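Please treat every number below as a calculation from the coordinates, not as lab data. The shown structure was predicted, so the numbers you read here are calculated from the model rather than taken from an experiment. Virtual Cβ from ideal backbone geometry, glycine too; neighbours counted across all protein chains shown.
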Amino acid sequence: MNENELTNEIVKLLRRCGVWCYRTHRPIFPPPPENAGIADIAGIYDFRPLYIEVKGPRTKIKPEQITFGENVKERGGIWFIAQSFEDVIRELDLPVLF
């Protein structure tokens, strides 16, 4: 599964679990420069801002993405890197609804 497909499937998983979320940008519409580093998925979980950076096995995280994540965490939000469904389930302690 490529990164785009994984992002779509993670959004579906989150929504099935009642998490309000959306993709921040689409592959055909890259984010503008002022949004450099913004995570692939944004939402609200447990009354907190949620941001998930989705990465494939061969994709490296960029410094601006790390900076974005640090800023989110410093302000009480949730940010993490997901390479699989299991990462999302573990990080958010989601019930498994399969």
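Dividing the summed -39500 (n - 2.57) terms of all DSSP H runs of n ≥ 4 by the residue count of the chain sets its mean residue ellipticity at 222 nm at -10500 deg cm²/dmol. In summary, the range 3-92 shows an alpha-carbon radius of gyration equal to 1.00 times the 2.2 N^0.38 Å reference for compact globular proteins. Our coupling estimate for the range 12-24, obtained by passing each phi through the Karplus curve with A = 6.51, B = -1.76, C = 1.60 and θ = phi - 60°, is 4, 4, 4, 5, 4, 8, x, 8, 7, 7, 7, 6, 7 Hz, Gly and Pro reported as x.
The length gained on full extension between Tyr22 and Glu86, counted as 0.36 nm times the residue separation minus their Cα-Cα distance, comes to 21.1 nm. Charge dipole of the range 3-92 (Cα centre as origin; +1 on each Lys and Arg Cβ, -1 on each Asp and Glu Cβ, all else neutral): 140 debye, rounded to the nearest 20.
In the range 3-92, Cα pairs under 8 Å separated by at least six residues give a relative contact order of 25 percent.
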